[in-house]
Amino acid sequence: MPVAVRRGMELAIWMTIGVIALRTWCLDGLPVPIVIDSNSMAPTLLGPHRKIVCGDCGFPFVQGWNPRGPEARAVCPNCGYAANDPTAWGLSGGDRVVIDRATFQFRLPRRWEVVAFRTPGRESQWSVKRVIGLPGETVSLRDGDVYINGAIVRKTLKEQEATSVLVHDARYVPQVSLHLPPRWRPDSPASRWSYRQGRFVHAASPNPEAIDWLSYRHWRRVASRPDQVLEGEVLTEPALELGRRVPADAIHPTHDLRLTFRWLRASGPGWLYVRAVDGETEFVAKIHPESRRADLFLNGRSLPIPPLQGRLFEELPVRVDVSLFDRQFLVAIAGRTIAAYPYERAKLSGPTDRPPFSLGGADVSLELDQVRVFRDAYYEAPRGGLQEWRLGGLASHDGGEWFVLGDNPLFSNDSRTWLGGDGLKLTALVGKPLFALGFGGEVTWKGCRFRIPNLAAFRYIR
């Protein structure tokens, strides 16, 4: 046998042994794929779905595929256009995930971490959910928020990003329904805000003392009259449209909202203002583009800012995040949280029409883009079931229980609904999902069909 052939065979054998060892002790999903078959973890992980582009605003979105019922028209989550035909778009399989089997051999799962495990009662089936409660804790769900041992759990910016559901992206404007009002509208007829190709531009005002506000007004199209809209609060509609009828009492108004945008340009001595309102509680962040400093206010009262190393940011463009998730006012610039203030939501005496977010300029020219509004995942205890869960064990490798939930709670079978109310046992854990790949299509070779991963859709799982 020629030396080159022998070396090639040896290399192939060692590579095969390496893949088997990697799959056995480290990674699962290679080479045999692990495919997500439901949308209970959407939008983090997708089951069978269609990728659709809205026929009105051009927003690209995903509609989950329901094999047990007829496909309904796909409603755009950005502009509410309901005449999109899902069958005009190809059906994609669920995400292919790669699972790290080794991580939890050295440490225990953390709160808000995504885990893979053997489904209780159906051990031959694997599930993927997000960890909410840890061993020894008491978990309860109220008004969509998570409470641990009676106290609300407040997420960091990265944790908020993992559970965020898009409400509106200002880059996509209806082109068919031209009569619909814009979501972002100036508070004053004399405003100097304008919209140009997906960007908000503010010209410096001749009155340097006045704040020129641009406010977000949420609306929904009227189902029977799609040319009309109804303004109101943001609702907890499904994170992924599944073509299923959702009970009306499962949809709730939510104040757990997040605003994010990219600050492109600024000139002038004035300030950029960001206002966030939750009922009767008003927060304002003032950011000065020249000195790179910020001031924060609660109902007009100054708030302290923790000491920071260096300036808020070095140069524009920079990303700005302002959030009211989990009854916490969080401000982050360039991905760095500069302040996070917990607060209690005051009970309103009646309905309010105050916009949740506003952008303001005073004596400054501004340019902003990628302006998006998100809501938090809304977790609700099952009606007629347990309202509180006590997790047994200790946080050690000797035992314990974890409480896990799906990111798309309306369609998730998780710790809330498992019989007996038991948490997830450590022995049921398979590993930590690392990344996901979509499928780009299929090829046929000698009568066999092979699914080709779409490397452009590669993403880490948060």
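Which ³J(HN,Hα) values in Hz, rounded to whole numbers, follow from the phi angles of segment 210-222 under the Karplus curve 6.51 cos²θ - 1.76 cosθ + 1.60, where θ = phi - 60° and Gly and Pro get x?
Ordered by residue, 3J(HN,Hα) equals 7, 8, 8, 9, 10, 10, 8, 10, 7, 9, 10, 6, 6 Hz.
Using only alpha carbon pairs under 8 Å that are at least six residues apart, calculate the relative contact order of segment 152-276 and give it in whole percent.
17 percent.
Compute the label zone of residue 425 within segment 106-147: residues whose backbone N is under 15 Å from the point 7 Å along Cα-to-Cβ.
Counting only backbone N, you get 117-125.
Taking H as built 1.01 Å from N, whose amide H comes closer than 5 Å to the amide H of residue 218, not counting residues under 5 places away?
Those lying under 5 Å, H to H, from residue 218 are 232.
Would you kindly derive the ³J(HN,Hα) couplings of segment 103-111 from the backbone phi angles with the Karplus curve 6.51 cos²θ - 1.76 cosθ + 1.60 (θ = phi - 60°), listing them in order in whole Hz, with x for Gly and Pro?
3, 7, 7, 10, 8, 9, x, 9, 4
Just to check I understand the Karplus step: with θ = phi - 60° and J = 6.51 cos²θ - 1.76 cosθ + 1.60, what whole-Hz values come out for segment 375-390, glycine and proline as x?
Coupling constants for segment 375-390: 10, 7, 4, 10, 9, 10, 5, x, 5, x, x, 5, 10, 8, 10, 9 Hz.
Taking the Cβ of residue 268 as the centre, find all other residues whose Cβ is under 10 Å away and add up their charges (Lys, Arg: +1; Asp, Glu: -1).
Overall, the nearby charge balance is -2.
Given labels modelled 7 Å from the Cα in the Cβ direction, how far is it in nm from residue 413 to residue 334?
Using points 7 Å along Cα→Cβ, the separation is 4.8 nm.
Measuring from centroid to centroid over Cα atoms, what is the spacing of segment 188-233 and segment 46-105 in Å?
Taking the Cα centre of each part, segment 188-233 and segment 46-105 sit 30 Å apart.
How do 51-57, 293-299 rank on mean C-beta neighbours within 10 Å, highest first?
By packing density, highest mean first, the sequence is 51-57, 293-299.
Cβ under 13 Å from residue 363's Cβ, residue 363 left aside: what net charge do those residues give with Lys, Arg +1 and Asp, Glu -1?
-1
With a sphere of radius 13 Å drawn around the Cβ of residue 383, what net charge do the other residues whose Cβ falls strictly inside it have (Lys, Arg +1; Asp, Glu -1)?
-1
Evaluate the distance, in nm, between pseudo-label points positioned 7 Å from the Cα of residue 295 and of residue 264 along their respective Cα→Cβ axes.
Rounded to a tenth, the inter-label distance reads 2.9 nm.
At 7 Å along Cα-to-Cβ for each site, give me the label-to-label distance between residue 388 and residue 203 in nm.
With each label placed 7 Å out from Cα toward Cβ, I get 6.1 nm.
What is the distance in Å between the Cα centres of segment 149-170 and segment 366-381?
9 Å
Under a straight-distance cross-link criterion of Cα-Cα below 20 Å, which lysines are reachable from residue 129, leaving out those fewer than 8 residues away in the same chain?
Here the lysines satisfying the reach criterion relative to residue 129 are 155, 158, 425, 432.
Let me cross-check residue 118: its accessible surface, 1.4 Å probe, with only protein heavy atoms counted, in Å² to the nearest 10?
Taking all protein chains as shown, residue 118 has close to 80 Å².
Write out the GluC sites (Glu not before Pro) in segment 148-244 meeting two conditions: DSSP loop, and at most 11 other Cβ atoms within 10 Å of their Cβ.
209
Which of rounded, prolate or oblate describes segment 161-211 when judged by the alpha-carbon gyration tensor and an a/c cut-off of 1.5?
Taking the square roots of the gyration eigenvalues as a ≥ b ≥ c, segment 161-211 is oblate.
For segment 222-242, list residues with backbone N below 13 Å from a point placed 7 Å from the Cα of residue 345 toward its Cβ?
Hits in segment 222-242 for residue 345 at 13 Å: 233-236.
Would you grab the residues whose amide H sits under 5 Å from the one on residue 80? Only those 5+ places off in sequence or on another chain, please, with H modelled 1.01 Å from N.
Close amide H contacts, sequence-distant or interchain: none at all.
Accessible surface of residue 435 in the full protein assembly, 1.4 angstrom probe, to the nearest 10 Å²?
Answer for residue 435: close to 50 Å² accessible.
The values are calculated or read from the model by the stated rules, or taken from the named source; none is laboratory data. Treat the numbers as computed from the prediction; the structure is a model and nothing was measured. Quick reminder, even Gly has a Cβ in these numbers, built from the backbone with ideal geometry, and neighbours come from all protein chains shown. The protein model used for the area step is the full one, side chains on, heavy atoms only, and it has no ligands, DNA or RNA in it. Shrake-Rupley method; radii C 1.70, N 1.55, O 1.52, S 1.80 Å.
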